[in-house]
Each structure stands twice: as structure tokens, then as C-alpha cells.
Amino acid sequence: MLDSAFWGLIQGLTEFLPISSSGHLVIIPALLGRPGPDLATSAVLHVGTLGAVLAYFWRDLLEVVRRTPHGKRLLMFLIIGTVPAGVAGLAFRDVFEQLNEDPRLVAIALIGTGIMLLATRFITLGKRTEDSVDTQSAVVMGLGQAIALIPGVSRSGTTITAGLLEGFEPRQAARLAFLLGIPAIAGAGLLNFVDLADEPSGLAPGLFVGVLVAAGVGYAAIAFLLRLIERFGLVPYGWYCVGLGTVSLFVV
């Protein structure tokens with residue numbers, strides 16, 4: 001139960017802050033000299049973070065269901081933006097899993113994420129809002145999400161950066177990045193549950209503590225980033241990623 005809560009804390013924080021959840025779930029076990037979360041834990045933790053983003057953006061999703069003008073644009077964005085990561089994930093899943101087994105490569109990818117986030121300080125901030133999403137912005141942010149399938153590359157970091165390059169306001173870019181993550185998080189959790197069907201052991205009751213922790217911490221992380229991104233941008237997270245990645249290269 002404590003193990004599940006610990007990984008839920010890591011998953012909830014790093015899934016939405018632009019510091020790479022996949023990177024932390026590889027590097028932290030390597031630094032601690034202990035195994036990372038098993039397949040069952042990974043599966044249920046995705047349920048927690050999915051619950052967090054659904055709870056935070058339920059009003060937007062309700063507009064999708066009601067097919068309001070805003071909801072229709074958002075649905076178009078989600079469908080088009082999900083395609084690149086879906087195709088890349090299915091085509092190169094074995095490659096990404098192999099990369100996930102080498103903490104040094106993950107650390108290098110984390111440093112790359114940090115450099116990307118540091119470079120956002122040179123992007124001229126635009127004024128586009130969610131109501132101006134189009135096919136181009138959906139494709140660009142979707143490609144950013146596809147790149148983040150590389151372990152150690154932050155999904156929220158790449159998609160927010162892509163949104164900034166497309167001229168969205170920082171808060172708007174972050175909102176779109178989190179919304180685009182809904183299909184990705186759901187798909188990752190589903191794949192884990194499919195793989196879990198081949199495992200002899202099922203889900204231990206204590207794992208659901210991890211779900212609650214991941215959901216609560218994830219919800220707080222979304223609110224934290226949306227509140228502070230306009231003031232501080234992504235640069236502080238960039239320094240963190242570069243620092244953690246560099247330390248990991250020498251320690252692991």
C-alpha cells in the first residue's frame with residue numbers, strides 16, 4: 001500500500017508538470033537502487049491521472065458531448081492531435097520499451113527536455129485562445145505528443161511548447177496540452193491492462209491507494225501549472241530537468 005502511494009505521488013506530480021513521468025519512473029528507482037512500479041501498479045496509476053484530468057476539465061468535455069461550437073472544435077483538435085502519437089506508439093512500441101530499460105538514455109532525454117523548456121524563454125508569446133484551434137495547431141501539438149513517447153521526454157512539456165510556437169497564450173497552450181493528454185493517458189492505461197491480462201497475479205487491493213494519490217496529486221499539479229505558467233513560464237522546470245538528468249548520468 002505504501003509502495004503504491006509512493007508511485008502514485010510520483011505519477012501524479014510528473015504526469016502533468018513538464019518534467020516527464022516516464023523519466024521519473026525509470027530514474028528514481030535507479031537512484032534508489034530498487035525496482036520500479038510493476039505492470040499492475042502502472043496500470044492503476046494511469047486510472048488515477050486520467051481521473052484527475054477528467055475531473056478538472058469536465059465542463060469542456062461536457063461541451064464536447066453537447067456538441068457546442070467550442071465542443072466541436074475541441075473534438076476536432078483531440079481527434080487530429082491524437083493520431084501522431086497513436087500511430088507512433090503502435091508502430092514503435094517495442095523500441096520505446098527498450099529505451100525505457102536504460103536509465104542513462106532516459107537521463108539524456110530528460111536533459112533534452114530541460115534544454116527545450118529553457119529555450120521557451122525566447123519564444124514570443126502569442127494571444128491565441130482555444131477558440132482558434134485549427135488543423136495545423138492540432139497536428140503540431142500532436143507531433144509534440146508523439147515525440148514524448150521517448151522515455152524521459154515530457155509529454156506536457158513538448159505539447160505546451162508546441163502550443164506556444166503556434167501562438168497560443170501560455171495558459172491556453174497548457175489547457176490544450178492537458179486536454180490532448182486525455183486520449184494518450186487512457187490509451188497507455190488500456191495497454192497496461194491488456195498486458196496485465198497475461199500476468200498470473202491480479203490487482204492487489206492496496207494498489208487503489210495509488211489511484212487516489214495519483215488522482216489527488218495530479219489534480220493539484222494541473223491547477224498549480226495553469227495558475228503559475230503565465231508568471232514563471234516553463235524555464236524553472238527546464239532547470240530541474242537538466243539538473244536531475246545530469247546528476248542521474250553520473251550517479252546511475
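The values are calculated or read from the model by the stated rules, or taken from the named source; none is laboratory data. Since the structure is predicted, the reported quantities are computational estimates derived from the model, not experimental observations. Glycine gets a Cβ as well: all are built from the backbone with ideal geometry, and neighbour counts include every protein chain shown.
Observations on the structure shown:
- The residue list ARG155, ARG175 contains one member that is closer than 17 Å to MET76 by Cα, among the basic types (Lys, Arg) and at pLDDT 95 or above, which is ARG175.
- LEU31 at pLDDT 95 or above, in a helix (DSSP H, G or I) and surrounded by fewer than 17 Cβ atoms within 10 Å (Cβ to Cβ): no
- Criterion applied to ALA177, ALA188, ALA214 was being part of a helix (DSSP H, G or I), without any contact (Cβ under 8 Å) to a residue 60 or more places away in the chain and closer than 20 Å to PHE16 by Cβ, and the one residue passing it is ALA177.
- No other residue among GLY81, GLY152 is on the phi > 0 side of the Ramachandran plot and touching a Gly at 6+ places or on another chain (Cβ under 6 Å) apart from GLY152.
- Within the stretch 65-82, the set of residues being closer than 27 Å to PHE193 by Cα, in contact with a helix residue (DSSP H, G or I) (Cβ under 6 Å, 6 or more places away or on another chain) and surrounded by fewer than 18 Cβ atoms within 10 Å (Cβ to Cβ) comprises LEU75 only.
- Residue under evaluation VAL53, criteria (1) crowded, with 21+ Cβ neighbours inside 10 Å; (2) touching a helix residue (DSSP H, G or I) at 6+ places or on another chain (Cβ under 6 Å); (3) modelled with pLDDT under 95, criterion not met: (3)
- Between ILE185, ILE229, the distinction of being farther than 12 Å from VAL44 by Cβ, touching a Pro at 6+ places or on another chain (Cβ under 6 Å) and at pLDDT 75 or above belongs to ILE229 only.
- Against the criterion of being modelled with pLDDT of 95 or more, farther than 29 Å from VAL26 by Cα, touching a helix residue (DSSP H, G or I) at 6+ places or on another chain (Cβ under 6 Å) and acidic (Asp, Glu), GLU130 does not qualify.
- All positions within the stretch 165-174 that are in contact (Cβ under 8 Å) with a residue 60 or more places away in the chain and either of a type in the set (A, V, I, L, M) or part of a helix (DSSP H, G or I) (or both): PRO170
- The set of residues in the stretch 134-149 that are in contact with a Gly (Cβ under 9 Å, 6 or more places away or on another chain) and in a loop (DSSP other than H, G, I, E, B) comprises ALA148, LEU149.
- Single unsatisfied condition, LEU61 versus (1) in a helix (DSSP H, G or I); (2) more than 20 Å from the chain's Cα centre (by Cα): (2)
- Residues satisfying the stated conditions in the stretch 34-47, i.e. assigned to a helix (DSSP H, G or I) and more than 27 Å from ARG73 (Cα to Cα): LEU39, ALA40, THR41, SER42, ALA43, VAL44, LEU45
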